[in-house]
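Novice: Can you keep this structure in mind? I'll have questions shortly.
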Amino acid sequence: MKQQKADRTPAQKKADRRWRGGSAGMSLVRSGTPVTYGIIAITVVAYFFDWITNRAVSGALAYNPFALSEPWRLLTVALTHAGIFHVGLNMLALYLIGRSLEPLIGSSRFLVLYLIATIGGDAAVSLLSPGWVVGASGAIFGLMGALIVIARRLGTDITGMLVVLGINFAYGFLVGGISWQAHLGGAIAGALVGLIYYNTRQRSQRTAQVLWLSGLTVVLVALAYVPLIRVLAALG
């Protein structure tokens, strides 16, 4: 952890100071990147077992709006990937973003952000193009969305991040088999979480932060269930 602090760029150190704002009331605690590395490890292991079981893991964990009698799929979709390049690129993106964002907001908040962004991607898929999807792309775009919002509030130049986000989002339209809907939903959910984090940084605002995050999660889960509810209503 000391080495990570020593290796931070001047821009990262400046953002850290602005985030704290010199106030002892800030509730966010600096940390390393255990969640980033943990997610990468678990995802790679899941992909390995998916490979040796001939995609059985993906069959059990992938997301489909009409399979929400198995609600774990809302989150486990982030453990499933279509191939080695898919999982490799997503985990590389997670590493690159996580090494900057997790130490800034704290490990527990980073994990919450990742999970909510995953559900945000699911919700967009449900509303815009119901069907089977795999991958952690919604969560990755959520991290990017949150990082852009927080960096913007801290007065950091975000031109590069916006360009990367735009290129990756456009790529989803140009290449078949990529769910741009999950990218969009994840990015929006992540941006909202980033906004909540930034505006509830004080220790005295911890309860408000939890309430806002809980409310956002409930809304996203409800949106994810819309197609299934419509089918059940039609059958009834």
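Novice: Can you sort T156, T33 by 1.4 Å-probe accessible area, starting with the largest?
Specialist: Per-residue accessible area, sorted high to low, gives T156, T33.
Novice: Got a number for carbon plus sulfur as a percent of the range 99-174's accessible area, 1.4 Å probe?
Specialist: Numbers: 1970 of 3020 Å².
Here carbon and sulfur together make up 65 percent of the probe-accessible area.
Novice: Considering only protein heavy atoms, with the full assembly of protein chains and a 1.4 angstrom probe, order L79, L96, L235, L216 by accessible area, largest first.
Specialist: Most to least solvent-accessible, the answer reads L235, L96, L79, L216.
Novice: Right, another one. Under a plain spin-label model, where a point goes 7 Å from the Cα along Cα-to-Cβ, how far apart in nm are T159 and S129?
Specialist: Label at T159, label at S129, 3.2 nm between them.
Novice: At 4 °C and 1.567 mPa s, grab the translational diffusion coefficient of the range 120-236 from Stokes-Einstein with a Kirkwood Rh over Cα pairs, rounded to a whole number in µm² per second.
Specialist: 85
Novice: Calculate, in nm to one decimal, what A170 and Q202 gain on full extension: separation in residues at 0.36 nm each, minus their alpha carbon distance.
Specialist: Stretched out fully, the A170 to Q202 stretch lengthens by 7.8 nm.
Novice: Taking a point 7 angstrom from the Cα of R55 along the C-beta vector, which residues in the range 97-140 have backbone N less than 16 Å away?
Specialist: The answer is 131-135, whose backbone nitrogens lie closer than 16 Å to the label point.
Novice: At 1.4 Å probe size, what's the solvent-accessible area of F49? Round to the nearest 10 Å².
Specialist: 100
Novice: Write down the accessible area per residue of the range 58-210 in Å², having rolled a 1.4 Å probe over the full set of protein chains.
Specialist: Working: 6410 Å² over 153 residues.
I get 42 Å² per residue for this part.
The values are calculated or read from the model by the stated rules, or taken from the named source; none is laboratory data. A quick note: this is a predicted structure, and the numbers were derived from the prediction, not measured. For neighbour counting, all protein chains shown are included, and Cβ atoms are generated from backbone atoms with ideal geometry for every residue, glycine included. We work out accessible area using only protein heavy atoms, side chains counted, and drop any ligands, DNA or RNA first. Shrake-Rupley method; radii C 1.70, N 1.55, O 1.52, S 1.80 Å.
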